[in-house]
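Let me begin by presenting the structure, written as structure tokens, before commenting on it.
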Amino acid sequence: MSHASKISFAAGLAASLALGWLAFPRALYRKVDQPLQFSHLLHTGEKVGLTCDACHSVRPDGSFSGIPKVEQCAPCHAQAQGSSPDEKILVEQYVTPNREIPWLVYARQPENAYFPHGPHVNLAKIECGRCHGMHGSSTGLRPFQVNRISGYSRDVWGENISGLRSKPWDGMKMSDCSRCHAERGVKDSCLMCHK
Amino acid sequence: MGKNFTRRHLLKFVGGSAAGLLLTPVPWKTLDDVAIWTQNWSWIPVPPKGEIQTRFTTCTLCPAGCGVRARCVGGRPVSLSGVAGHPAGGGSLCPVGLGGHHLPYHPLRLLEPARMDRSGGDDRPVPVTLDAALAAMARAAEETRSGASGGSVAVLDGRPGRTLSTIYRKFLGGMKSGLYLAPEMGIGANALQDMLLEPWGRPGLDLENTATLLSFGAPILDGWGAPGRMADLVLGRRDGKGRRLKLIQVEPRRSRTAAAADQWVPLNPGTEAALAFGLAHQLVQLRLFDEKSVRKRAVDFETGEGSSYLSLISRFTPDTVSGITGVSAETITGIARELARNSPAAVVGGGDPAGGPLGEEEERAIWGLNLLLGSVGKAGGFVPRREAPGDPAISGDGPAAVSRLEEVPDRSIRLLILDTAGSGGALPWKLIDRKLVPQNSLVAALAPVVAGDARRADLVIPVPSCTEALDEVPAPAASPVSTLSLAQPLQPAPAGVIAPAALIVRLAAALSVPLFSSGESAVWADCLKRRVEAIHNSGRGSVFSPQDGKFAEMAAIESPESLWKLLSEGGCWIDSREVPAPLPHYSLLGRKNDAYASMASAGAGRLAAVPGGAQAWPLVLMPSGLCGALDDSQVSPLMTKLYQESGLRRLLNQADINPATARAYGLADRGGAVIETPSGSLRVEVRFDPGVMPGVIHVAVGPGGGGKSRNRLRDRLNVLTICPDDSGRVWRVARARVREA
């Protein structure tokens, strides 16, 4: 191959590598801000002292309460407690008119995947942070990155476009679930998660 | 570089890009995302997420009346399951019931009345207004009443015993010649009525106390009764002491029931009467029968004449019966001994839901066995059932009596109203068709979907689906005590549907037929409340609560309103048991004039003599199907794993044949074949099944398995169209032949 040919090939290679690793992730995801900011650290800290299950609990029937409804915020935030602009939004736009906050859920799985919190939390005693990270100590909500093709959060694939995991909660793909199941000796079957 | 940048360099660039692309996440991530996207189209219905409310109701998809626990989100049911300890359901639901909450979304769902247009070879529902449909029905009914045209008004009620059934009968009583038709279901109670010389009450089977059950083809574990209750009785521990019902299953095929029974007795198709007579012969010969009671009560047991019961069964020695049925003499004697030894024993026959009832003679032969065993009128056997109080507002001049379809004169029905959804059984359409006034009849089907009988009708009136309507569920036909539970709407019904009771009220008003006592409400809920009040006033029975699994005696329920509340929350009222009335005198042969001759003839086998005989028609055709799943109307379009894909259950026109028989006729597994009978021919898909008796073909009547709109005329052709109909009552066996398609 002539020198020019090699350069052409290499240029194509470099261009596609750059596109694929740098431009593609930026293009694939679209950032959407949450309706308002929320500090988990403030609510779980010493001042308020809530635990995860105060707002995100497994009900007695085994279903998961998910993101709390605005009626759960109302008892404390019927009036603004502080001066934060986000709390003002909470009170005026959601609590007072009793309108649900359209939170964008980072961990929302595709509809064709069935995930019950009950067996994982109550039976397997898995800590919330194992899958959801140190959410409880976050001071704000990062923008929701929605996949333009699938419509789901980047959190499901993982922050790293390569799919490599640096932390246990970095990704919620089937392979992540299977790996944890294997570690704990849980036998998988298709119908267990795809009803 | 520019001057030297040739096409070759461009191709190298592209090649490099392609190679590089493979080293990036682009192809793999895109593939993954597209896979997720294509599995989650926006139009795929998804159950809502949210807090789960649990509600209790009753399944109405067949007469069993299983209790239902519904998990609801956002006011809609998302999953159904059984209710532990439910007296009717036994804690489980069948596959049909489990998918009940899918049925409102059935692709064949009808949301407005329709006239069925059959021009062009398709069954096409053409929308009409409810007023127009009612006007057509009223016109037809008025013509019969005024004499402008001949014929009767008839209602075919697939679930008799409801308040709605009484309303039908009251309406028909106001017609000049109204016919109330109810199919024979359950344990052949009509045959016993024909044998008793005095009224005794409708018999129910006290199965909880039965020790041995001999079944002549009744699908005990496959839809004969509530699946949870039957599985508990036959397969499980029923009283904590390890006792369970011993089941002897007599049928040609190794069905699921036969496979799970304690003993499977394969017999030649259509020879049930012979086997019953053979067993009776041995019970008498070996003095194993209730001789004192029989000699006291049976008027024709031993008369000294040649036409007594004893003279009949004396012809059916074990060796003779063995030659007819294919069951060995030792087996026959063994069964007789077992029935006598492990008592109380009960004998039932019912046939396949698609194959229909046994013949009258077979049913009388079976009742004869029960009478010989002393099972009639005793715990663990058949006891008379007190009927539950009805709505006292439906009174006045008598409602129409119950008629049997086979007794209705041919070409005599001008207006036929079909309410057969949830009956659990199938009826060959030609048996109905021959009763209609030719070219001037109107058939109106009350159905939520255009499937099954509704496809045959001229008009289809949409009614609420099973999870959308307030309904009542009386005791199943074989229940030893009356029961009543309510089905509550779990979700709102669509705007265009009408409850059957409301339709009949409007039709009666148009014809000036009074249905209720003066001043009484015609609102459906009020009718049911009146019935519940009558039950409360009777002071009888107790009520099961699904919330805690406990029973409350009626005396402890303060008021009719409290009882209504309990039933509305999923409760089930069960009548108290009373000491059975003494069994009256009876005729073992039946009271018809030709009883002896017809019984003897049945003993020779049910397969009709046809021109050419067995040589021309060497095989036996038997329709088959499962209760509640005989057509598309009640099979969830989303339960694809059970019917539409897995092959676990048979679909319309799939035929099970013994492999040796199939190969003898050059048939291949999953290949096509044509089955011919003297009544017609049918194309089927062959499935090999070594559990099928050689020389026998079982053809499924449904469901169709599509889930999509299937309006093609040919899809209405099921095996019942080529089964014999000479007696108008028995179509379960037919002489047939088969060839490769």
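Only the coordinates and a few stated rules stand behind these numbers; no lab work does. Quick caveat, the model's predicted, so the values are computed rather than measured. Ideal geometry is used to build each Cβ from the backbone, glycine not excepted, and the neighbour counts take in all protein chains shown.
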Checklist line | Directionally averaged projected area (convex hull, Cα atoms, region B:75-171), nm² | finding: 10.5
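Kindly state, to the nearest 0.05, the FRET efficiency for A:Thr139 paired with B:Ala84, given R0 = 41 Å and r defined as their beta-carbon distance. Present the calculation step by step, with values, prior to reporting the outcome.
Working: r = 48 Å, r/R0 = 1.18.
Step by step, r from the Cβ atoms, then E = 0.25.
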Note to self: For a distance above 23 Å, tell me the whole-number percent of Cα pairs in region A:106-195 that qualify.
What the structure shows: 25
Next item on the list: Would you compute, from DSSP H runs of 4+ residues alone, the mean residue ellipticity of chain B at 222 nm, taking -39500 (n - 2.57) per run and dividing by the full residue count, rounded to the nearest 500?
Entry: -8000 deg cm²/dmol
Margin query: Quick check for you: which residues of region B:123-138 have the amide N under 15 Å from the point 7 Å beyond the Cα of B:Ala509 toward its beta carbon?
Written below: B:130-132, B:134-135, B:138
Check: Roughly what would the spin-label model give for A:Leu19 and A:Asn160, points 7 Å off Cα along C-beta, in nm?
Finding: 2.5
Check: Once you put a point 7 Å from the Cα of B:Asn440 and another 7 Å from the Cα of B:Ser328, both along the Cβ direction, what distance in nm separates them?
Finding: 6.3
Note to self: Which of the three applies to region A:13-126, rounded, prolate or oblate, going by the alpha-carbon gyration tensor with a ≥ b ≥ c and a/c under 1.5 meaning rounded?
What the structure shows: oblate
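Which translational diffusion coefficient, to the nearest whole µm²/s, is obtained for region B:390-440 from the Stokes-Einstein equation, given a Kirkwood hydrodynamic radius over C-alpha pairs, 25 °C and 0.890 mPa s? Walk me through the numbers on the way to the answer.
Values: Rh = 13.4 Å.
Estimated diffusion coefficient is 184 µm²/s.
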Note to self: Need one value for A:162-173: mean number of C-beta atoms belonging to other chains within 10 Å of its residues' C-beta atoms.
What the structure shows: 1
Check: Dividing the Cα radius of gyration by the Kirkwood radius, what Rg/Rh value follows for region B:608-740?
Finding: 0.97
Next item on the list: Using every Cα-Cα pair within the protein assembly as shown, state what percent have a distance larger than 52 Å.
Entry: 31
Next item on the list: Report, by chain and number, residues whose modeled amide H sits under 5 Å from the one on B:Arg735, excluding near sequence neighbours (fewer than 5 apart, same chain).
Entry: B:Ala608, B:Leu621
Notebook entry, point to check: Counting every Cα pair in chain A, what percent are over 30 Å apart?
Noted result: 36
Check: Quick one: Debye curve from the C-alpha atoms of region B:276-384, no solvent, what's log10 I(q)/I(0) at q = 0.13, 0.16, 0.21, 0.24 Å⁻¹?
Finding: -0.48, -0.74, -1.25, -1.48
Next item on the list: Provide the descending list of Cα extents for region B:539-662 along its principal axes, expressed in whole angstroms.
Entry: 70, 53, 22
Margin query: Can you give me the distance in nm between label points at B:Arg411 and A:Cys76, each placed 7 Å from the Cα along the Cα-to-Cβ direction?
Written below: 8.4
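Calculate the mean, over all residues of peptide B:46-53, of how many other protein chain Cβ atoms lie within 10 angstrom of the residue's Cβ. Numbers along the way, then the final one.
Details: counts 2, 1, 0, 5, 4, 6, 4, 1.
Partner Cβ neighbours, averaged per residue: 3.
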Check: Each residue of region B:646-658 in order: what ³J(HN,Hα) in whole Hz does its phi give by Karplus 6.51 cos²θ - 1.76 cosθ + 1.60, θ = phi - 60°, with x for Gly and Pro?
Finding: 7, x, 5, 10, 7, 9, 3, 6, 9, 10, 9, 9, 5
Note to self: For region B:167-232, I need the span (max minus min coordinate) of the C-alpha atoms along each principal axis, in Å, sorted largest to smallest.
What the structure shows: 48, 30, 20
Check: Can you give the mean number of other chain Cβ atoms that lie within 10 Å of the Cβ atoms in peptide A:145-153?
Finding: 4
Check: Whose amide H sits under 5 Å from the amide H of B:Leu179, counting only residues 5 or more places off or on another chain, with H placed in the peptide plane?
Finding: B:Val153, B:Ala154, B:Val155
Next item on the list: Please check which bits of region B:182-212 a label hung off B:Arg577 would reach, taking the label as a point 7 Å along Cα-to-C-beta and the cut-off as backbone N under 13 Å.
Entry: B:204-211
Notebook entry, point to check: Which of the lysines could a cross-linker bridge to A:Lys173, judged by Cα under 18 Å and excluding same-chain residues fewer than eight apart?
Noted result: A:Lys187, A:Lys195, B:Lys29
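Sorted by mean Cβ packing within 10 Å, highest first, what order do the peptides B:668-677, B:511-520, B:326-335, B:188-197 take?
Working: B:668-677: 16.1, B:511-520: 14.4, B:326-335: 17.9, B:188-197: 19.6.
Highest to lowest by the protection proxy: B:188-197, B:326-335, B:668-677, B:511-520.
Given contacts defined as C-alpha pairs under 8 Å and at least six residues apart, what's the relative contact order of chain B, whole-number percent?
Values: 1620 pairs, mean separation 138.1, N = 741.
In percent, rounded to a whole number, it is 19.
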Check: Semi-axes of the equivalent ellipsoid of region B:448-547: what are they in whole Å, largest first, if each equals the square root of 5 times a C-alpha gyration tensor eigenvalue?
Finding: 27, 20, 14
Note to self: With only alpha-carbon atoms in the gyration tensor, what are the semi-axes of the equivalent ellipsoid for chain B, in Å, largest first?
What the structure shows: 45, 35, 28
Next item on the list: Only helical DSSP H runs with n ≥ 4 go in: add -39500 (n - 2.57) per run for chain A, normalise by residue count and round the 222 nm mean residue ellipticity to 500 deg cm²/dmol.
Entry: -8500 deg cm²/dmol
Next item on the list: Collect residues whose amide H, placed 1.01 Å from N in the peptide plane, falls under 5 Å from the amide H of B:Gly381; neighbours closer than 5 in sequence don't count.
Entry: B:Asp206
Checklist line | Label-reachable residues, region B:72-92, where backbone N falls under 12 Å from a point 7 Å from A:Asp61's Cα toward its Cβ | finding: B:72-81
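Taking a temperature of 4 °C and a viscosity of 1.567 mPa s, what whole-number D in µm²/s does Stokes-Einstein yield for region B:189-385 with Rh from Kirkwood over alpha carbon pairs? Walk me through the numbers on the way to the answer.
Values: Rh = 16.8 Å.
Taking Rh from Cα pairs, D becomes 77 µm²/s.
Please work out the FRET efficiency for the pair B:Ala552 and B:Ala660, using the Cβ-Cβ distance as r and a Förster radius of 51 Å; give the result to the nearest 0.05. Could you put the intermediate results ahead of the total?
On the way: r = 58 Å, r/R0 = 1.14.
Step by step, r from the Cβ atoms, then E = 0.30.
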